[in-house]
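We did not get these values from a lab; they are worked out from the coordinates using the rules stated. Since we're looking at a predicted model, the values are computed, not measured. Heads up, the Cβs are rebuilt from the backbone with ideal geometry, glycines too, and the neighbour counts pull from every protein chain shown.
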Amino acid sequence: MKIILTGGAGFLGSHTAVELVNEGYEPIIIDDFRNSKSFIIDNIEKIIGRKVIFHCADIGDQNKVSTIIKNEKPAGLIHFAADKAVNESVLNPLKYYHNNIGNLIKLLEVINNFNLSSFIFSSSCTVYGEPSCIPVNEKTPIQPAFSPYGYTKQVGEKILTDFFKTKKQTSLTILRYFNPIGAHPSSLIGELPLGIPSNLVPHLTQTAIGKRKQLTIFGNDYNTADGTCIRDYIHVVDLARAHVLSLKNKIMSNNVYNVGVGKGSSVLELVNCFEEINNLNVNYQFGDRRSGDVPEIYADNSLIKKKLNWEPKFSLKDALQHAWNWELELKSKYKVD
Ligand code: UD1
C-alpha cells in the first residue's frame, strides 16, 4: 500500500518512511530538501536495504503534486511538510502562513480530485498553549496561540476537519506531537537543523561536540522542582510508529491523539541525563526565560494507547544516546553547516 509523505526527507518524515517499510507499506517521499539533505534519502535506503520512491517537489507546486498522486495512486498521505521554529515564526510570520497554511490549502485542492483513504496531519501540543491542568488530554481546551507557528497548527487542524467533512471516504487523523528527540538507532538518519538550532536537543549535542560554545538553559526560576521548564520528550522512532498505527487502525471519525510518553522531564534533568549516559560534560549556563515558553506540559496519552495500542519503546536515555551517536556520525561523515 503506497503512502505519500510530504516532507518525507525531514526528521519525522525520514523515520516514518523507515517504520512504514518495516510494516509492509511503500512510502512515496516528496521533499525539496529545503530543510534536509539528499544523503538522508541514501541513508533511508541503507536502512531498508532497497530503493525508496522519491520525488523532488515543493508541495505548493500543484501541477507536480497532482501528477505524482495520479501516477503513484497512493492509499494515504502523511503531511509533514511545514516549518516549525517558534522564534522564526514570530520574526517572519508570513513564511509560516505561506508554507503551513497556504501550501496546506494547495495540497487539499489537489487531493480533492483523488480518493485517499487516510490523511494524517502533524500537529503539536502547542495548540494547548499554557494549560491550566496537566497532563493534557485531547479534550483540554485549545488556547490562544503564543506564536504564528502555534496558530498555523490550530488553523491547520480546523481547515482539515472542515475539509474532510466533505470527503467521507477519507479518515483524518490529527497527531499532536509533544517534543520529538533522538535519532534512528542505526545513526544513519536524525535531525538536521539548518543554522543555530532553536530546539533543545540539537543545541545540546552541537554544544557537546564543540560546534556551539555554550548551551543556555532558558530560565531556572519557574515554579517547577528544579526551576527549569518541563516537557514530554518522545523518541522520534516511537513517534514514527504512531503514524503507522494510525494507518493500520483506521477509524473514520474523531481521530485526534496526543503523542507523548506521558511523563514530564525538566530541561536540567535532560541535560544531566545526556551527560551521564554519554559520559561527557556539557558547557551550559542558566539564562533568562525564553519568551513564549510554557512552564510545564506533558501528555495524557491514554487515548492513543487504548485506541491504537501504541506504547513508547524507547526511554529518555535511549533517545539522548541516539541523538549523540547521530551528532558524532554527522561530524565524521557529512559536511552539514
Ligand atoms: C515547541 C512546542 C512543540 C513544537 C516545537 C517546534 C510547546 C509546549 N512545544 O517545543 O510542540 O513541536 O516547539 O519547534 O509549545 N531550551 C533551552 N535552551 C535551548 C533550547 C531550548 O533551555 O537552547 C528549553 C526551552 O526553554 C524549553 C525546552 O528546552 O523549555 C524545550 O524547548 P524546544 O526544544 O525548543 O521545544 P518547545 O519549545 O518545548
For the chain, longest principal axis from Cα atoms; helix 236-248 axis from its Cα atoms; angle between them, nearest 10 degrees, is 30 degrees
Here the gain from full extension of V282 to E45, 0.36 nm per residue of separation minus their alpha-carbon distance, amounts to 82.0 nm
Output ordering of 47-57, 33-43 (per-residue mean of other Cβ within 10 Å, highest first) is 33-43, 47-57
Expected sort for 320-330, 181-191, 283-293, 10-20 on mean C-beta neighbours within 10 Å, highest first, is 10-20, 181-191, 320-330, 283-293
Links exceeding 27 Å between C-alpha atoms in this model, out of K51/K165; K51/K168; K106/K250, come to K51/K165; K51/K168
Packing-ranked peptide list from 240-249, 152-161, highest mean Cβ count within 10 angstrom first, is 240-249, 152-161
Of the listed links K139/K167; K37/K95; K139/K313; K64/K306; K2/K153, those spanning more than 29 angstrom between alpha carbons are K64/K306
Rounded to whole Å, √(5λ) for the Cα gyration tensor eigenvalues of region 1-124, largest first, gives 23, 18, 12
Inter-part gap, Cα centre of region 285-335 to Cα centre of region 101-138, in whole angstrom, is 21 Å
The farthest towards the positive end of the charge dipole of the chain, of the residues I304, I159, Q62, given +1 on Cβ of Lys and Arg and -1 on Cβ of Asp and Glu, is Q62
Helix 148-165 sits off the longest principal axis of the Cα atoms of the chain, rounded to the nearest 10 on a 0 to 90 degree scale, by 30 degrees
Length gained if N87 through K307 is fully extended, taking 0.36 nm per residue and subtracting the Cα-Cα distance, is 75.7 nm
Quotient of Cα radius of gyration and Kirkwood radius for region 18-88, i.e. Rg/Rh, equals 0.98
Using the Kirkwood formula on alpha carbons, the hydrodynamic radius of the chain in angstrom works out to 20.2 Å
Quick calc, the chain, dipole around Cα centre from Cβ unit charges on Lys, Arg (+) and Asp, Glu (-), nearest 20 debye, gives 920 debye
Extension length gain for S186 and D221 (0.36 nm per residue less Cα distance), in nm, is 8.8 nm
The relative contact order of the chain, taking Cα pairs under 8 Å that sit 6 or more residues apart, comes to a percentage of 19 percent
Helix 39-48 sits off the longest principal axis of the Cα atoms of the chain, rounded to the nearest 10 on a 0 to 90 degree scale, by 80 degrees
